[in-house]
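Heads up: the structure comes next, in structure tokens.
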Amino acid sequence: MKSPTLEPTPLWATLVATLFGIGRLRPGPGTWGSAATVLLWAALAHALAPSLRTPVAIVLAGLVTLIGIPAATQVARSSGTKDPQFVVIDEVAGQLVALIAVPLAWKSFLAAFILFRAFDIVKPPPVRQLEAIPEGAGIVLDDVAAGLCALGTMHLLLRFGLLR
């Protein structure tokens, strides 16, 4: 029986899925992708009017998710891997979710980063179950769910004054 031929990945999908090559950094490409996202969001958020920060974060997280799913699908198919480590667009989407309506302060950014990475690594239910969704949707949506867990935890910490 002939083995399936892997098709080359379109350049746009590779650039998106790896966040312009950041996913190739070692060790821990997911951590590099999350850290880059926090830094990029910090720069963008500081340039935005305060009233625009939350809506822009929501729209950006949604766009990254919608663009990330087909990019991750293309890269996973061409690599022959279910969830390639160098695909970090899922971390970008999840980290952006974790940063929604978070104060622009280094402590908040650090807490959002740590919480997202923890939820992404531990994958508590139902986060882990989302990995079973086929292709790019499973790759990206479990990280979006981890981002939602981090977001909820962040806002509880902020609400109860445990983080300022």
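Each reported figure results from applying straightforward, stated rules to the coordinates on display, with no laboratory input. Since the structure is predicted, the reported quantities are computational estimates derived from the model, not experimental observations. Cβ: placed from backbone, ideal geometry, glycine included. Neighbour counts: every protein chain shown.
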How large is the charge dipole for the chain, taken about the Cα centre, if only the Cβ atoms of Lys, Arg (+1) and Asp, Glu (-1) carry charge, to the nearest 20 debye? 340
Please list, in order along the range 20-31, the HN-Hα scalar couplings obtained from phi with the Karplus expression 6.51 cos²θ - 1.76 cosθ + 1.60 (θ = phi - 60°), rounded to whole Hz, x for Gly and Pro. 6, x, 4, x, 8, 6, 10, x, x, x, x, 5
Angle check, please: helix 135-159 long axis (alpha carbons) against the longest principal axis of the chain (alpha carbons), in degrees 0 to 90, nearest 10. 10
Among 151-164, 117-130, 86-99, 61-74, how do they line up from the highest to the lowest mean number of other beta-carbon atoms within 10 Å? 86-99, 61-74, 117-130, 151-164
Leu44 and Leu110 label points (each 7 Å along its Cα→Cβ direction) are spaced in nm at 2.4
Starting from the Kirkwood radius over alpha-carbon pairs of the range 15-153, derive D by Stokes-Einstein at 10 °C in a medium of 1.306 mPa s and give it in µm² s⁻¹. 109
When you count, for each residue, the other Cβ atoms within 10 Å and take the mean per peptide, how do 49-60, 33-44 rank with the highest first? 33-44, 49-60
What is the spread of the Cα atoms of the range 72-164 along each of their three principal axes, largest first, in whole Å? 46, 24, 17
Please give the helix 89-98 orientation as an angle from the longest Cα principal axis of the chain, in degrees from 0 to 90, rounded to the nearest 10. 20
For the ranges 109-115, 143-149, what's the packing order if you count other beta-carbon atoms within 10 Å of each residue, average per peptide, and put the highest first? 143-149, 109-115
Placed amide H near Thr18: partners under 5 Å, 5+ positions off or other chain: Val88
Could you run the Karplus curve 6.51 cos²θ - 1.76 cosθ + 1.60 with θ = phi - 60° over the range 108-125 and give me ³J(HN,Hα) per residue in whole Hz, x for Gly and Pro? 5, 5, 5, 4, 4, 5, 5, 4, 4, 4, 4, 5, 5, 7, 6, 6, x, x
Could you compute the net charge surrounding Pro103? Neighbours are other residues with a C-beta less than 15 Å from the C-beta of Pro103; K and R count +1, D and E count -1. +4
